[in-house]
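Chemist: Attaching a single structure in structure tokens format; questions to follow.
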Amino acid sequence: MSDCGFYVNNPSCALAIITVRHLIYSRPHCDITQKGYEKKRGKLLAPYIPQIQEHRIQTSSQVAPPGSKQNKPRVANSRDERFRSDLHTEAVQAALAKYTERKMPMPSKRRSVLVQSSVEACTPPDTSSASEDEGSLRRQGRIASSSPYQAHPSVEHWFNRVIQGSSTSSSASSTSSHPGGRPHHATNATSASAATVLADLMAQTQLDNHSAPPDVTGLSERSVHAERPQVASMRGLPRRYTHTSVMETADGVPVNSRVSSKIQQLLNTLKRPKRPPLREFFVDDFEELLDVQHPDPNQPKPEGGEMRPLNGEPLGVVTNWPPSLLASLQRWGTTQPKSPCLTALDNAGKPVYTLTYGKLWTRSQKLSYTLLNKLSTRNEPLLRPGDRVALVFPNNDPVMFMVAFYGCLLAELVPVPIEVPLTRKDAGSQQVGFLLGSCGVTLALTTDACQKGLPKAQTGEVVTFKGWPRLLWFVTDGKHVAKPPRDWHPPIRDASNEIAYIEYKTSKEGSTMGITVSHSAMLAHCHALTQACGYTEGEIITNVLDFKRDAGLWHGVLTSVMNRMHVISIPYSLMKVNPLSWIQKVHTYKARVAVVKSRDMHWSLLAQRDQRDISLSSLRMLIVADGANPWSISSCDAFLNVFQARGLRPEVICPCASSSEAMTVAIRRPPEMGVPPPGKAVLSMSGLSYGVIRVDTEEKLSVLTVQDVGQVMPGALVCVIRVEGTPYLCRMDEVGEICMSSSSTGISYFGLPGMTKNVFETIPVTSSGAPISDRPFTRTSLLGFIGPDNLVFVVGKMDGLMVVSGRRHNADDVVATALAVEPMKFVYRGRIAVFSVSVLHDERIVVVAEQRPDGSEEDSFQWMSRVLQAIDSIHQVGVYCLALVPANTLPKAPLGGIHISETKQRFLEGALHPCNVLMCPHTCVTNLPKPRQKQPEVGPASMIVGNLVAGKRIAQACGRDVSQLEDNDQVKINPFLYMQDVLQWRAQATPDHPLFLLLNAKGTVANTASCVQLHKRAERVAIALMERGRLNAGDHVALVYPPGIDLIATFYGCLYAGCVPVTVRPPHPQNLTTTLPTVSKSVCILTTQAIMKLLKSKEAAAAVDIKTWPLILDTDDLPRKRIPQIYKPPTPEMLAYLDFSVSTTGILAGVKMSHAATSALCRSIKLQCELYPSRQIAICLDPYCGLGFALWCLCSVYSGHQSILVPPLELETNPSLWLSAVSQYKVRVTFCSYSVMEMCTKGLGSQTEALRLRNVNLSCVRTCMVVAEERPRITLTQSFSKIFKDLGLSSRAVSTTFGCRVNVAICLQGTHGPDPTTVYLDMRALRHDRVRLVERGSPHSLPLMESGKILPGVKVIIANTETKGPLGDSHLGEIWVSSPHNATGYYTVYGEEALHADHFSTRLSFGDTQTVWARTGYLGFLRRTELTDASGERHDALYVVGSLDETLELRGMRYHPIDIETSVIRSHKSIAECAVFTWTNLLVVVVELEGSEQEALDLVALVTNVVLEEHYLIVGVVVVVDPGVIPINSRGEKQRMHLRDGFLADQLDPIYVAYNM
């Protein structure tokens, strides 16, 4: 456990630190968006806000007297003295001074509270909110005021500065229209009243606006630099810069958005690599080897000779030495019963009870008798000798603990002391439970008071804690224990190798192990400590440490009894109230020895001025139990400086080193033993990171000063071995793990034989491989070396060791550096945790700190950027993630330190809830694979031989041949090439045959149409167009209707009149601007009266110039007239209708469908789905474009089947509408979209039982097809099948279709042919445009489902995207399609058809160069399967991988956004949706947070980790937004380009934006 977090600070020491407040690193201020972040923190900050604004630097210097309860002022300016080796602080300041100013983009966070600042104070508002609706580009202004306390001499000057620095809304448009120019300021701004200007200032987000940095991606054409005027910095106000910049995007348009300027700065920060990159290589055999870190040829190597094992002095032979510890207890208990053993204190420092040796002896006997004889189950004794018993005692009751401990030893039971399990969510409690379970503990001993405080179940018994075994709780207070009969005596045996007690230890990973200590080892350890410390009978010792384990137990409970010493036990709770208590007790009791930790010395420094009359002259030994910590030396020095005047002798301070496994390893001897003087070593931090000792001379910045921890323990043999691999002895100048062979170490980890062998039975060997001794050694987990005079030096612990890119760093050293930056201003009580996480095959350093409640956003970002610089400079290592959490929120260890492993666990699970995060993957991650270099392709001649490409069959496939498919119904329809003729024929042949049935949200029929009804309605529309509209043949008519039968009737009306229909989704008042341009190109608009009102509304007038509007006709009440004759197009190639759709890349494009293509499309679908007039199909799709339009408006008329129409919008009010309709009408074939499927899985997932009770039965469904223009969403279709299996849905029914702009229906499963197959692809190969099939479940595998069967008459080939040549089977390329129902070309609103003409008519560069193909723009591959299709041929499956336009080219590889998004969504339960895009070569990840806003920042690290791990990409920006922000089109596809535009225009209102460094 780390003891970070015990230090509060002394204002008087503040001067000793060279503050770095004036070294301000300029960077843009956080852009603060509106809405709800402050909900959580508003209450917390409310009391502080006015104080921060007006008294930025007021701190309280008076410290409460030690006894008083009111110790708040001490906390208020808590400066952690722990690391105040002035050397270190100076090093950090010097390191920071070396840094040139680097601009870092500050993360932006949503704020809902507009902080009010007092105008009189004239300090600019600290955090203000930008008004989102102003449309202003928000020029940024920054003010510096001469003093926070007095009014500015010239307020006008201040206002003028504001006006120059911020453009008002009215100038926004002019800014964007002048590339490279300064904004023209609106004239009214300068004459505005002061009040308005001030209000405007409050609404501006303050940004340190920097000149645009050079664009490293080579996209921006030029940057405009402005000089940076410096503004003086006055008391407490950081210096700020004001200057302006105009940036340009790739096409030369100036951008002045906060987002883009930040990204530009981010690029600037990244433009130079931190250090020369290590040589990268890449083996092109799919095994993407990460860049292997090659050792630096110049790194220091150990040069000394091999170390020799070091012997401690022999254990002295004492004549009357007791045969066991219990013999000592019996001896003192019977011969010196009145002699004091232990004095317990209360929280006021008053002695509560003194336990004498007589009492300890009799009470322990009573307890042991009771445990063995009075506890039974079913007449069997509950405990037998050797059983383990848990000791659960609070830290303020050493007396009861000591009685229980010795009571167990007397009963030959094994005590397992643990912490009381009721503190805050109990970090690590589950692991303790695991230890108790593995030790077979069934009984827990505790005190009456403690038992009452434990959480209870309803039965009144103590609850079973999470992960704990069932325990019986026994209270050891007097009234519960029985007096033994006179003839009963506990057995006092000689010390044996049986287990005496088990001490718990928490490993680096957080698991809890039990270290077993035998009776003989316990006795030998007491013997060795007595000799090393020169303990004598009756000495008084004060103990501040935890008496349940470690040095507190060894000195204060065991060795003290051996020597009949008197222990004054000082509880942690008293130290919190009065840090001087231990010194006062030393003075009062004239104690000879004190056992403390560095933190106790610090705490006492804070309050020492209030005490004049204390003396430490009685001390002969001040044992510093954590003397091995890097910061112990500074605490020892500082303590000596202050207390030397109060009688403390320098030689009294005795640091020691110990570990749970080896117990005490080394201790500095007291002065009377005639030992050599103490040593200090100033070591090069860089040398240490390579495991080499180099005494540093010239480079003073990165050094570690360590003190010795004295000599090896008596009777021990110590050596230093290599950390990894075979335990070779280290050289003299090499750092390794200290190992110890002694009769006084622990003997094993309970129940873990494998780990025991590794740690307790190590055999160190010399370089030749010969063992150095026949005795086994115990690894101490301390890293160090043996220095001059055989003094032991410790430089770190294995638990805190972080090996980054082959170099070792110690967590404690990094903590020390971070704290030396500016502890008093910022870190709450010095609470910092440092650990490493493994990401992409290397350790990455994470720093987590608690920030003081009054820290501003500004302070925190400044502190973070400086900590990064300090660590980089001193340790030469990058920090991967720096997170700040609110004060008091990190999990605590039993004595209040930070529970490191639990903190790490929370970080990895996304449960840390930081309030600020800075990720720096760009600087840390140096082992990415080398970017891919494209190889020149092999020429075509060598590749193609007949139908083989490079030895493989050409990837070409086709649906069934239409001409050979005999179809009796076909003969009737065949003469009619035109849809209008088919409808007319049906109206005569089968007038009353029902074609359409429209359902409303309640599931009732809203409207129907038979053949003749549809024909008559169409006639009326045609007459209206000709008479009222006076339209000519070929004119475009926009149909603006909600989904329904009116839409179908007006479509045929247009065909009857010879016009070209364009179906358009009715505009929502909010998105008029995007809908109306499509409409305004038409000659006439047909619509309903309700929509007509909207089109003529004020909102529409604002979006589109009404004067340019075409004629608008409403078709609600048309007169009944018959049309004289239906229009006959001269050729079937004439345009029948336009199909407009927004592609996933956000481009609105219409495709032209000829009459021939329209009929061919209907014929293919009819054949594939076996559609006849007797059939019914259900359609739950939008009817405006693509296959949805064809199924809704065309197919029924062509094939004569009845279509049940379910508008998808109705599902929002009634999610079960579609499935109920399918069940009610016993539909065999149904179509839906992914959005519909998602609505059903989310909305009905838990309601299948209710649906069954309503008789919903889906067993009738043969095929349910999802209409899509993307890769099949296999997880969604599988979960849909799984959920509705209970309602009879066949697992084979669900399949997907595939169409695109050039051909709306390429694949469709239909009613026959083999089931769709699924293959698994290696995702890494896919990035290289290769298909490599792997087994299901193999790492990096991606499941891909076939997109249905190729339609009749459709031919598909896979072509190389660059050479346009054919590819072989199972090769990835662009899908090209040839079919009679291909569209004939694009029709765009903006007139750029020629640009994409080759999409519709392109030919292969070699091979079959005659066929005309259309390019789909999708990547995919064909694979011949083992299955046979209806014609008996082997079936060719088409797999769609993704849209070519959507792919991201990063590091020379091709990524499909959906793959990255899938990984991200999996990384945290609160991520509802995700979309990725790139901007200037940075990967931007937008995640929708479905949960509380405090989880927003947890996602930043998880998203960055998962993308690195699974895709080898570094995320540039993480944007956390509310659910529903990612735009989705009617097919349920993400509109990533719209999202990108919204992000860059700053319209997303994000909760948090993190810019990764």
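The values are calculated or read from the model by the stated rules, or taken from the named source; none is laboratory data. On a predicted model such as this, the values are computed, not experimentally measured, just so you know. Counting neighbours? That spans all protein chains shown, and the Cβs are built from the backbone with ideal geometry, glycine included. For the accessible areas, the whole protein counts, side chains as well, though only heavy atoms, and no ligand, DNA or RNA atoms are used. Shrake-Rupley method; radii C 1.70, N 1.55, O 1.52, S 1.80 Å.
Chemist: Check off (1) closer than 23 Å to Asp494 by Cα; (2) open to solvent by 40 Å² or more (accessible area, probe 1.4 Å) for Asp346 and give me the number that stays unchecked.
Modeler: Only one criterion is unmet by Asp346, namely (1).
Chemist: Within the stretch 749-799, track down each residue that is hydroxyl-bearing (Ser, Thr, Tyr), open to solvent by 60 Å² or more (accessible area, probe 1.4 Å) and in contact with a strand residue (DSSP E or B) (Cβ under 9 Å, 6 or more places away or on another chain).
Modeler: Ser767
Chemist: Now, a different point. Can you tell me which condition Val718 does not meet? The list is (1) open to solvent by 20 Å² or more (accessible area, probe 1.4 Å); (2) within 19 Å of Arg775 (Cβ to Cβ), and all the others hold.
Modeler: So the condition that Val718 fails would be (1).
Chemist: If a residue has to be assigned to a helix (DSSP H, G or I) and among the small types (Gly, Ala, Ser) to count, how many in the stretch 347-371 make the cut?
Modeler: 3
Chemist: Okay, moving on. Could you check how many residues of the stretch 1526-1555 are crowded, with 23+ Cβ neighbours inside 10 Å and among the β-branched types (Val, Ile, Thr)?
Modeler: The total comes to 2.
Chemist: Do we find that Lys483 is modelled with pLDDT of 90 or more, basic (Lys, Arg) and buried (at least 19 other Cβ atoms within 10 Å of the Cβ) in this structure?
Modeler: Answer is no for this residue.
Chemist: Further question: Which residues, counting only those in the stretch 371-410, are small (Gly, Ala, Ser) and at pLDDT below 95?
Modeler: Once the filter is applied, which keeps residues that are small (Gly, Ala, Ser) and at pLDDT below 95, the stretch 371-410 yields Ser376, Gly386.
Chemist: Answer yes or no as to whether Pro1380 is within 30 Å of Ala1293 (Cα to Cα), open to solvent by 20 Å² or more (accessible area, probe 1.4 Å), part of a loop (DSSP other than H, G, I, E, B) and in contact (Cβ under 8 Å) with a residue 24 or more places away in the chain.
Modeler: yes
Chemist: Step by step: first the residues of the stretch 1124-1178, then only those that are of a type outside the set (A, V, I, L, M), under 18 Å from His1399 (Cα atoms) and open to solvent by less than 10 Å² (accessible area, probe 1.4 Å), then the one that is modelled with the lowest pLDDT. Which residue is that?
Modeler: Selected residue: Ser1141.
Chemist: Any idea how many residues of the stretch 1451-1472 are in a strand (DSSP E or B) and either open to solvent by 10 Å² or more (accessible area, probe 1.4 Å) or closer than 19 Å to Pro1527 by Cβ (or both)?
Modeler: Going through the stretch 1451-1472, the residues in a strand (DSSP E or B) turn out to be 1453-1455, 1471-1472.
This time we only want the ones that are either open to solvent by 10 Å² or more (accessible area, probe 1.4 Å) or closer than 19 Å to Pro1527 by Cβ (or both), so: 1454, 1471-1472.
Qualifying residue count for the region: 3.
Chemist: Any chance you could count how many residues in the stretch 1292-1349 are over 36 Å from the mean Cα position of the chain (by Cα) and among the polar types (S, T, N, Q)?
Modeler: 3
Chemist: May I pose another question? Got a number for residues in the stretch 307-329 being open to solvent by less than 70 Å² (accessible area, probe 1.4 Å), among the polar types (S, T, N, Q) and not in a loop (DSSP other than H, G, I, E, B)?
Modeler: Of the residues in the stretch 307-329, 1 are open to solvent by less than 70 Å² (accessible area, probe 1.4 Å), among the polar types (S, T, N, Q) and not in a loop (DSSP other than H, G, I, E, B).
Chemist: OK, next. So which residues in the stretch 1368-1385 are more than 18 Å from His1456 (Cβ to Cβ) and of a type outside the set (S, T, N, Q)?
Modeler: Within the stretch 1368-1385, Gly1368, Asp1369, Trp1376, Val1377, Pro1380, His1381, Ala1383, Gly1385 qualify.
Chemist: For the subset of the stretch 1069-1090 comprising residues that are farther than 25 Å from Gly1034 by Cβ and more than 41 Å from the chain's Cα centre (by Cα), which member is modelled with the highest pLDDT?
Modeler: Thr1088
Chemist: Residues in the stretch 851-862: is at least one within 27 Å of Glu1509 (Cβ to Cβ) and either among the small types (Gly, Ala, Ser) or at pLDDT below 90 (or both)? Can you show your working first?
Modeler: Going through the stretch 851-862, the residues within 27 Å of Glu1509 (Cβ to Cβ) turn out to be none.
Looking through the stretch 851-862, none of the residues is within 27 Å of Glu1509 (Cβ to Cβ) and either among the small types (Gly, Ala, Ser) or at pLDDT below 90 (or both).
Chemist: When the stretch 829-854 is examined, which residues are found to be farther than 14 Å from Ala816 by Cα and open to solvent by 10 Å² or more (accessible area, probe 1.4 Å)?
Modeler: Ser838, His841, Asp842, Glu843, Arg852, Pro853, Asp854
Chemist: Can you run down the residue pairs with Cβ atoms below 7 Å, 6 or more apart or on separate chains, where the first is in the stretch 1210-1239 and closer than 14 Å to Leu1289 by Cβ and the partner is in a loop (DSSP other than H, G, I, E, B) and of a type in the set (S, T, N, Q)?
Modeler: Ser1223/Asn1257; Val1229/Thr1311
Chemist: Here's another thing I want to ask about it. Please work out which residue is most open to solvent (accessible area, probe 1.4 Å), limiting yourself to the stretch 365-402 and to residues that are under 20 Å from Val567 (Cα atoms) and touching a residue at least 60 places away in the same chain (Cβ under 8 Å). Even if it seems obvious, please write down each step before you answer.
Modeler: Keep residues of the stretch 365-402 that are under 20 Å from Val567 (Cα atoms), which gives 393-402.
From what is left, the residues that are touching a residue at least 60 places away in the same chain (Cβ under 8 Å) are 393, 395-396, 398, 400-402.
On the way: Phe393: 1, Asn395: 42, Asn396: 82, Pro398: 9, Met400: 22, Phe401: 0, Met402: 1 Å².
The residue in question is Asn396.
Chemist: Residues that are aliphatic (A, V, I, L, M) and open to solvent by 10 Å² or more (accessible area, probe 1.4 Å): which helices (runs of 4 or more DSSP H) entirely in the stretch 1180-1262 hold 2 or more of them?
Modeler: Counting at least 2 such residues, we get 1248-1253.
Chemist: List the residue pairs whose Cβ atoms are under 8 Å apart, where the first residue sits in the stretch 1534-1555 and is without any contact (Cβ under 8 Å) to a residue 24 or more places away in the chain, the second is assigned to a loop (DSSP other than H, G, I, E, B), and the two are 6 or more positions apart or on different chains.
Modeler: As it stands, the answer is Gly1542/Pro1527; Gly1542/Leu1548, since those pairs meet every condition given.
Chemist: So, one more: Looking at (1) at pLDDT 80 or above; (2) within 50 Å of the chain's Cα centre (by Cα), find the lone condition where Asp1105 falls short.
Modeler: (1)
Chemist: Please enumerate the residues belonging to the stretch 887-922 that are over 14 Å from the mean Cα position of the chain (by Cα), closer than 23 Å to Leu1508 by Cβ and surrounded by fewer than 22 Cβ atoms within 10 Å (Cβ to Cβ).
Modeler: His922
Chemist: Do we have Ser1341 as surrounded by fewer than 22 Cβ atoms within 10 Å (Cβ to Cβ) and either touching a residue at least 40 places away in the same chain (Cβ under 8 Å) or of a type outside the set (Phe, Trp, Tyr) (or both) here?
Modeler: Yes, satisfied.
Chemist: Of all residues in the stretch 804-821, which are touching a strand residue (DSSP E or B) at 6+ places or on another chain (Cβ under 7 Å), among the β-branched types (Val, Ile, Thr) and buried (at least 24 other Cβ atoms within 10 Å of the Cβ)? Step through it out loud before you land on a result.
Modeler: The initial filter retains those residues of the stretch 804-821 that are touching a strand residue (DSSP E or B) at 6+ places or on another chain (Cβ under 7 Å), namely 804, 808-815, 818-819.
Cutting the leftovers down to among the β-branched types (Val, Ile, Thr) gives us 804, 814-815.
Val814, Val815, listed by residue number.
Chemist: Moving on to the next point. Checking the structure you have, find out if any residue of the stretch 1320-1338 is modelled with pLDDT of 90 or more, within 30 Å of Ile1177 (Cβ to Cβ), assigned to a loop (DSSP other than H, G, I, E, B) and open to solvent by 10 Å² or more (accessible area, probe 1.4 Å).
Modeler: No, the stretch 1320-1338 contains no residue that is modelled with pLDDT of 90 or more, within 30 Å of Ile1177 (Cβ to Cβ), assigned to a loop (DSSP other than H, G, I, E, B) and open to solvent by 10 Å² or more (accessible area, probe 1.4 Å).
Chemist: Ser744 - would you say it is in a loop (DSSP other than H, G, I, E, B), touching a Phe, Trp or Tyr at 6+ places or on another chain (Cβ under 9 Å) and touching a residue at least 60 places away in the same chain (Cβ under 8 Å)?
Modeler: Judged against the criteria, Ser744 is not a match.
Chemist: Turning to a different aspect of this structure: Could you tell me whether the stretch 691-713 includes any residue that is under 30 Å from Val414 (Cα atoms) and not acidic (Asp, Glu)? Working first, answer last.
Modeler: Looking only at the stretch 691-713, we keep the residues that are under 30 Å from Val414 (Cα atoms), and these are 712-713.
Narrowing further to those that are not acidic (Asp, Glu): 712-713.
Looking for residues that are under 30 Å from Val414 (Cα atoms) and not acidic (Asp, Glu), one finds at least one in the stretch 691-713, hence yes.
Chemist: Go through the residues of the stretch 431-446 one by one and say whether even a single one is open to solvent by less than 10 Å² (accessible area, probe 1.4 Å) and of a type in the set (Phe, Trp, Tyr).
Modeler: Within the stretch 431-446 (the criterion being open to solvent by less than 10 Å² (accessible area, probe 1.4 Å) and of a type in the set (Phe, Trp, Tyr)), the answer is no, since none of the residues qualifies.
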